[in-house]
Each structure stands twice: as structure tokens, then as C-alpha cells.
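Take a look at the structure set out below.
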Amino acid sequence: MAKEGFVAHIFETIKSDKRSRASTYDKIKNFKKGTNFQVTFKNKATKSQLIRIREKIQEENKKAFQKNIILITIVIFILIYVIGFVKF
């Protein structure tokens, strides 16, 4: 009685739709060692440009950090203020 009708069709469809997966052993066996290549950049930056870029990024990070601290502080004060009105 089991696997009759459309249920059997569902099981057969699921079995036939599965993709064959390569085992880990096959992946390792078929692994080809590619040629090593160097990553090159056409644009060159001088040391002074790199220093300016680094300082700019650090300044942006400091500003973002300060904004986050201020926002968190304000949220904490608002929560403390709101919780102060709740009577236990």
C-alpha cells in the first residue's frame, strides 16, 4: 500500500532531481595545481600619498567611532530616563 499513486511519483522525482556530488576524495584527486601568478597594480602611490591616505582613513574612523559613542550614550540616557518612570 505504501508508495502508491502520487506519493511514489514525488519520491521518484526527488530521487531523479538530485545532482551528483563529487566526494572529497575526488576533489583532492582531481585538484590541479595552477601556476602561481603575481598580483600587480599599475597605479603606484608614493610614501607621502600612502601616509595621507592612512591619516585620512584614521580620521574618518575616529569620527565614526565618536558618532557611535555619542549615539549609544544618548540611547542609554533615554532608556534610564524612561525606566525611571516605570513603577515596580
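Every number in this text was worked out from the coordinates using simple rules, so none of it is lab data. Quick caveat: nothing in here was measured; it's all calculated off a predicted structure. Heads up, the Cβs are rebuilt from the backbone with ideal geometry, glycines too, and the neighbour counts pull from every protein chain shown.
Pairing the Cα long axis of helix 47-85 with the longest principal axis of the chain, what angle in degrees results, from 0 to 90 and rounded to the nearest 10? Here the helix axis deviates by roughly 90 degrees. Kindly express, to the nearest 10 degrees and within the range 0 to 90, the angle between helix 6-17's C-alpha long axis and the longest C-alpha principal axis of the chain. Approximately 70 degrees, to the nearest 10.
Over all Cα atoms in the range 45-88, the spread is summed up by Rg and Dmax: 19.2, 64 Å. By the rule of a C-alpha distance below 29 Å, with chain neighbours fewer than 8 residues away ignored, the lysines paired with Lys27 are Lys15, Lys18.
Hey, what number do you get for the chain at 222 nm if only DSSP H runs of n ≥ 4 count, each worth -39500 (n - 2.57), divided across all residues, to the nearest 500?
Values: 3 runs with 57 residues, N = 88.
Helix contribution divided over all residues of the chain: -22000 deg cm²/dmol.
Which part of the range 37-66 falls in the paramagnetic zone of Ile72, meaning amide N under 20 Å from the point 7 Å along Cα-to-beta-carbon? Residues 58-66 qualify, since their backbone N sits under 20 Å from the label point.
Shown here: Rg/Rh (Cα atoms, Kirkwood Rh), derived from the displayed model; of the candidates [x] 0.93; [y] 1.07; [z] 1.41, it corresponds to [z]. Here the chain is scanned for trypsin sites (Lys or Arg not before Pro) in DSSP loops (not H, G, I, E, B) that have at most 13 other Cβ atoms within 10 Å, and the longest stretch holding none of them is 45-86.
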